[in-house]
1. For the range 223-243, which positions are assigned to a loop (DSSP other than H, G, I, E, B) and over 18 Å from the mean Cα position of the chain (by Cα)?
2. Could you check the range 1-23 and list, in sequence order, the residues that are farther than 15 Å from residue 199 by Cα, assigned to a loop (DSSP other than H, G, I, E, B) and within 18 Å of the chain's Cα centre (by Cα)?
3. When both residues are 6+ apart or on different chains and their Cβ atoms are under 9 Å apart, which pairs have a first residue that lies in the range 260-275 and is free of Cβ contacts under 8 Å to residues at least 12 places away in the same chain and at positive phi, and a second that is surrounded by 15 or more Cβ atoms within 10 Å (Cβ to Cβ) and not in a helix (DSSP H, G or I)?
4. May I ask you to list the residues in the range 175-204 that are under 20 Å from residue 263 (Cα atoms) and outside any strand (DSSP E or B)?
5. Taking the range 24-51 as the search range and keeping residues that are out of contact with any helix residue (DSSP H, G or I) (no Cβ under 7 Å at 6 or more places or on another chain) and assigned to a helix (DSSP H, G or I), which one is farthest from residue 74 (Cα to Cα)?
6. If you go through the range 99-130, how many residues are under 27 Å from residue 53 (Cβ atoms) and more than 17 Å from the chain's Cα centre (by Cα)?
7. What about residue 269, is it under 27 Å from residue 142 (Cα atoms), surrounded by 13 or more Cβ atoms within 10 Å (Cβ to Cβ) and either at pLDDT 95 or above or out of contact with any helix residue (DSSP H, G or I) (no Cβ under 6 Å at 6 or more places or on another chain) (or both)?
8. For residue 93, indicate whether it is within 16 Å of the chain's Cα centre (by Cα) and surrounded by fewer than 18 Cβ atoms within 10 Å (Cβ to Cβ).
């Protein structure tokens, strides 16, 4: 079982601290989201054209793979200029993925808010994903739509991707979001299983379509073992990435507690599934 963490869990860490955490806690890779308190990575010298080569060298030298570059890009705005800006951002993240040898970037589908015209907004999203796909194909990168917000379920995700009609757009499965919207893990797999390239793991004890709280794995009630067993049984060989949302929820425990806890939880789970 290959384990990764999102840098959202250590939002204030710089590159060297991230590398140290990978090594210290026993991970295999990372997903890049937040570094040095910044979630818009193009703002950081470490990810600009003049600095990203050194960033890549440091990761490579340490044997740390970057599996996904997670953008906040979304194409839901009614403002054409804002959608154009989002596409420009997507291209920057694609260039980062190439420079870091990451196979994927994450792009959001929604949210589509109640006051929005749903069909019109969906058409903008489809247009944006198609443009991202065309740029990603040139670079040998896959674009991942996360099960999140309006597209939290496998069913909604499949419906959107079937209209996008591009081969290099796949799925990042966040198991909490699909589950809290009432979809079983088996139902999610039946909808998008063949498209799942990356997986986010997190736990919660209070959750619904309206929201959720955050718990250390095993301290909530999300049946993580069921999801992991399903994925392994279906032949998933990607990373199980811990998305600890410290960057958005400063009140939860720090990565010094959460990161090693996740590794132990997942390694114990792995042993139980193999026994």
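The values are calculated or read from the model by the stated rules, or taken from the named source; none is laboratory data. None of the values given here were measured: they were computed from a predicted structure. Backbone-built Cβ (ideal geometry, glycine too); neighbour counts: all protein chains shown.
1. If the condition is that a residue be assigned to a loop (DSSP other than H, G, I, E, B) and over 18 Å from the mean Cα position of the chain (by Cα), then 223, 234, 235 are the ones that fit.
2. Within the range 1-23, 10, 11 qualify.
3. Final answer for the pair search is none.
4. Within the range 175-204, 175, 176, 202, 204 meet the criteria.
5. By that ranking, first place goes to 24.
6. 1
7. No, not satisfied.
8. So residue 93 fails the test.
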